[in-house]
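Below is one structure, written out as C-alpha cells; comments come after it.
The values are calculated or read from the model by the stated rules, or taken from the named source; none is laboratory data. These numbers were taken from a predicted model, which means no experiment stands behind them. Cβ placement follows ideal geometry from the backbone for every residue including glycine, while neighbour counts extend to all protein chains displayed.
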Amino acid sequence: MKVRFWGVRGSTPTPTLDNFRYGGNTACVEVRTPQGEILILDCGTGLRVLGKKLLIEFGQQSIRANMFLSHYHWDHIQGIPFFEPLYNPENHFFFHSFPSQGRSVQEVLEGQMSDPYFPVDLSAMRAFRSFTRIDETSLPFRDAVVTTIRLNHPQGCLGFRIECGGKVLVYATDNEPGSPEHDKNVRKLAAGADVLIYDTQYTPIEYVSLRKGWGHSTWREAVNIAQEAQVCQLILFHHDPDHSDTVLDTILGEARKFFPNSVAAWEGLELDLALEEHTKPRDQSERRTGPRQIMHIPLRVLGKRADGTSFEELTTLENLSLRGAFFLLENDPDPADTLEVEFDVSTGKVPGQGLQKVQSQLVRNQPLKLADQTKRGVGVMFR
Ligand SMILES: [Zn+2]
Ligand SMILES: [Zn+2]
C-alpha cells in the first residue's frame with residue numbers, strides 16, 4: 001500500500017512563504033493498493049493537484065477511484081469542483097460519506113457547486129459518479145478493506161482504517177479528545193496500525209486556553225493514542241493555518257521526544273507500507289521531493305545522539321534542494337534534536353565567507369551499506 005499526501009493543512013488553504021516546506025493545501029491523501037485500487041481520503045484543495053497528476057499518468061485511459069469524505073467542512077471538499085478528471089465522461093468516481101441534516105451525500109456535495117457559489121453546475125461534471133451512504137461499517141474494495149468509525153467533531157466526522165496486504169493505515173483527522181465514546185473509538189480504529197495519520201491542529205497550550213470545543217486535537221493526544229494503540233509510525237496532520245514551518249518543526253520535535261517515529265505530514269510526502277522501515281521506530285524514512293543539486297561541499301554536522309551525548313562530525317554534502325540536504329554520517333543522530341549543519345563555502349577571496357551555519361530538522365536517518373562500511377544516510381529540512 002502506497003500513500004501520498006496532496007494536502008496537509010486544516011481549516012483553510014494557506015499559500016504563504018512561511019509554510020512553503022510543509023505546504024498550504026487542505027486535506028487530501030491518496031492511497032494505492034498493490035492491485036491498483038485508488039482510494040482518496042478527503043477532497044480538500046490538494047485534490048486539484050492530484051487530479052493533474054492522474055491526467056498525466058492515465059492519459060487516454062479511464063480513471064476509477066473511490067473517494068472517502070471524513071465530513072463536509074470546506075477544507076475536506078473544496079478540491080472537488082477543481083478536480084479535472086470529474087469532467088471527463090470516461091472516468092468513474094465513487095463517493096462515500098454520511099448523510100447530513102436530512103440531505104443525502106449527493107445533495108450535500110452538490111450544494112457547494114450551486115448558484116451563486118460556482119460558475120459551472122453539476123451537469124458539466126460528466127464523469128460517472130455514485131454516492132454511497134456509509135456510517136460505522138467495514139467494506140471491501142478489491143484488495144483492501146475500509147473500516148469506518150465516528151469521531152468527535154462538530155456536525156460529525158468519520159475516521160478510516162484501511163487494511164491491505166497485512167498492513168494497516170489509519171486516517172483519523174478532525175477529532176477532539178474528551179468524549180469517552182470517541183476516545184475509545186479512535187483507539188479501536190488505530191489499534192496496531194503501521195501508520196496513524198492524526199489531527200494535531202493545536203499545541204496543547206492553544207487547545208487548553210483558546211480552542212476547546214472546536215473539534216481538533218494536539219500532538220500530545222496523538223502521542224497518547226499512538227502509544228496506547230501500539231502504532232508503528234505517527235503522522236501529524238491537519239496543520240493549523242497559523243502554524244508556520246518553524247512552529248511545525250517545534251511541534252514535531254516535541255512529539256518525537258515521546259514518540260520518536262513521528263513525522264509531520266508535508267505535501268509530497270510518500271510512504272510505502274510494504275517497506276520494512278515503517279516497523280523500525282529509530283529510522284526516519286522521509287525523502288525530499290523536487291529537484292536536487294548534487295554538490296560535494298565539505299560539511300561539519302553538530303548534533304546529539306539518542307543517549308543525549310553530543311557529536312561533531314566532518315562529512316560531505318551529497319545533494320541539496322530548496323527544502324534541505326542529504327549527507328552520510330557515522331553518528332546516529334537523535335530524531336528529536338536539531339542538527340546544526342555548517343557548510344564550508346570559503347574561497348579565500350571574499351571577506352566574510354567561510355562557515356555558513358544552518359539549523360536543520362532530521363527527516364531521514366537510515367543505515368546505508370556502502371562498499372566497505374555502513375553509514376547513516378541523513379536527510380534534513382532547513383528550519
Ligand atoms: Zn478539517
Ligand atoms: Zn472539520
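Within region 244-263, identify whether any single residue is within 14 Å of the chain's Cα centre (by Cα), in a strand (DSSP E or B) and on the phi < 0 side of the Ramachandran plot, and answer yes or no.
yes
In region 51-85, what count of residues is obtained for those that are exposed (fewer than 14 other Cβ atoms within 10 Å of the Cβ), aromatic (Phe, Trp, Tyr) and more than 16 Å from ligand 2 (Cβ to nearest atom)?
0
Name the one entry in GLU37, GLU30, GLU57 that is within 29 Å of ALA264 (Cβ to Cβ) and without any contact (Cβ under 8 Å) to a residue 12 or more places away in the chain.
Values: GLU37 fails: without any contact (Cβ under 8 Å) to a residue 12 or more places away in the chain; GLU30 fails: without any contact (Cβ under 8 Å) to a residue 12 or more places away in the chain.
Residue meeting the stated conditions: GLU57.
What about ILE235, is it away from ligand 2 (no atom under 16 Å from the Cβ), surrounded by fewer than 23 Cβ atoms within 10 Å (Cβ to Cβ) and not acidic (Asp, Glu)?
Criteria not met by ILE235.
Got a sec? Which of THR33, THR45, THR132 is more than 16 Å from ligand 2 (Cβ to nearest atom), modelled with pLDDT of 95 or more and touching an Asp or Glu at 6+ places or on another chain (Cβ under 9 Å)?
On the way: THR45 fails: more than 16 Å from ligand 2 (Cβ to nearest atom); THR132 fails: touching an Asp or Glu at 6+ places or on another chain (Cβ under 9 Å).
Testing whether each residue is more than 16 Å from ligand 2 (Cβ to nearest atom), modelled with pLDDT of 95 or more and touching an Asp or Glu at 6+ places or on another chain (Cβ under 9 Å) leaves just THR33.
Does region 22-44 hold any residues that are part of a loop (DSSP other than H, G, I, E, B) and surrounded by fewer than 24 Cβ atoms within 10 Å (Cβ to Cβ), and which are they?
Within region 22-44, the first condition is being part of a loop (DSSP other than H, G, I, E, B), and the residues that meet it are 22-25, 27, 33-37, 42-44.
Across region 22-44, the qualifying residues are GLY24, THR33, PRO34, GLN35, GLY36, GLU37.
Is it the case that LEU299 is at pLDDT 85 or above, in a strand (DSSP E or B) and buried (at least 19 other Cβ atoms within 10 Å of the Cβ)?
For LEU299, the condition - at pLDDT 85 or above, in a strand (DSSP E or B) and buried (at least 19 other Cβ atoms within 10 Å of the Cβ) - is met.
Check whether at least one residue in region 126-133 is of a type in the set (S, T, N, Q) and closer than 22 Å to HIS216 by Cα, and report yes or no. Even if it seems obvious, please write down each step before you answer.
Residues of region 126-133 that are of a type in the set (S, T, N, Q), as a first pass: 130, 132.
Those still in the list that are closer than 22 Å to HIS216 by Cα too: none.
No, every residue in region 126-133 fails to be of a type in the set (S, T, N, Q) and closer than 22 Å to HIS216 by Cα.
If I filter region 75-95 for residues that are hydroxyl-bearing (Ser, Thr, Tyr), over 23 Å from the mean Cα position of the chain (by Cα), over 18 Å from LEU158 (Cβ atoms) and more than 16 Å from ligand 1 (Cβ to nearest atom), do I get at least one hit?
Initial filter on region 75-95 (hydroxyl-bearing (Ser, Thr, Tyr)): 87.
Narrowing further to those that are over 23 Å from the mean Cα position of the chain (by Cα): 87.
Of the ones still in play, those that are also over 18 Å from LEU158 (Cβ atoms) are 87.
Checking which are more than 16 Å from ligand 1 (Cβ to nearest atom) leaves us with 87.
Yes - at least one qualifying residue is present in region 75-95.
Just give me the residues in region 140-167 being over 27 Å from ASN88 (Cα atoms), surrounded by 14 or more Cβ atoms within 10 Å (Cβ to Cβ), in contact (Cβ under 8 Å) with a residue 40 or more places away in the chain and out of contact with any Phe, Trp or Tyr (no Cβ under 8 Å at 6 or more places or on another chain), in sequence order.
Passing the criteria: ILE149, LEU151, ASN152, HIS153, CYS157, CYS164, LYS167.
Exactly one of (1) crowded, with 24+ Cβ neighbours inside 10 Å; (2) farther than 25 Å from THR12 by Cα; (3) within 16 Å of ligand 2 (Cβ to nearest atom); (4) small (Gly, Ala, Ser) is unmet by ALA190. Its number?
For ALA190, the failing item is (3).
Suppose we filter region 207-220 for residues that are within 16 Å of ligand 1 (Cβ to nearest atom) and either surrounded by fewer than 24 Cβ atoms within 10 Å (Cβ to Cβ) or assigned to a helix (DSSP H, G or I) (or both); how many remain?
Count: 5.
Say whether the condition of being within 16 Å of ligand 1 (Cβ to nearest atom), closer than 15 Å to VAL170 by Cβ, over 19 Å from the mean Cα position of the chain (by Cα) and at pLDDT 95 or above is met by at least one residue in region 182-190. Before the answer, list the steps.
Step one: filter region 182-190 for residues within 16 Å of ligand 1 (Cβ to nearest atom), giving 182, 186.
Those still in the list that are closer than 15 Å to VAL170 by Cβ too: 182, 186.
Pick out the ones that are also over 19 Å from the mean Cα position of the chain (by Cα) and you get 182.
If we keep only those that are at pLDDT 95 or above too, we end up with 182.
Yes, region 182-190 contains at least one residue that is within 16 Å of ligand 1 (Cβ to nearest atom), closer than 15 Å to VAL170 by Cβ, over 19 Å from the mean Cα position of the chain (by Cα) and at pLDDT 95 or above.
In region 194-206, which residue that is more than 15 Å from ligand 1 (Cβ to nearest atom) and not in a loop (DSSP other than H, G, I, E, B) is surrounded by the fewest Cβ atoms within 10 Å (Cβ to Cβ)?
Just the residues of region 194-206 that are more than 15 Å from ligand 1 (Cβ to nearest atom), to begin with: 194-196, 203-206.
Then drop every residue that is not not in a loop (DSSP other than H, G, I, E, B), which leaves 195-196, 204-206.
Values: VAL195: 23, LEU196: 29, PRO204: 14, ILE205: 10, GLU206: 16.
Among them, the one singled out is ILE205.
With respect to LEU54, is the statement that it is out of contact with any Phe, Trp or Tyr (no Cβ under 8 Å at 6 or more places or on another chain) and modelled with pLDDT of 95 or more true?
Details: out of contact with any Phe, Trp or Tyr (no Cβ under 8 Å at 6 or more places or on another chain): yes; modelled with pLDDT of 95 or more: yes.
Yes.
Out of curiosity, is ALA336 at pLDDT below 85, small (Gly, Ala, Ser) and in contact with a helix residue (DSSP H, G or I) (Cβ under 7 Å, 6 or more places away or on another chain)?
Numbers: at pLDDT below 85: yes; small (Gly, Ala, Ser): yes; in contact with a helix residue (DSSP H, G or I) (Cβ under 7 Å, 6 or more places away or on another chain): yes.
When the stated conditions are applied, ALA336 passes them.
Quick one: in region 234-246, which of the residues that are modelled with pLDDT under 95 and not small (Gly, Ala, Ser) is farthest from ASP75 (Cα to Cα)? Show your work before the answer.
From region 234-246, those modelled with pLDDT under 95 are 244-246; that's our starting set.
Keeping just the survivors that are not small (Gly, Ala, Ser) gives 245-246.
Numbers: ASP245: 19, THR246: 22 Å.
Out of the qualifying residues, it is THR246.
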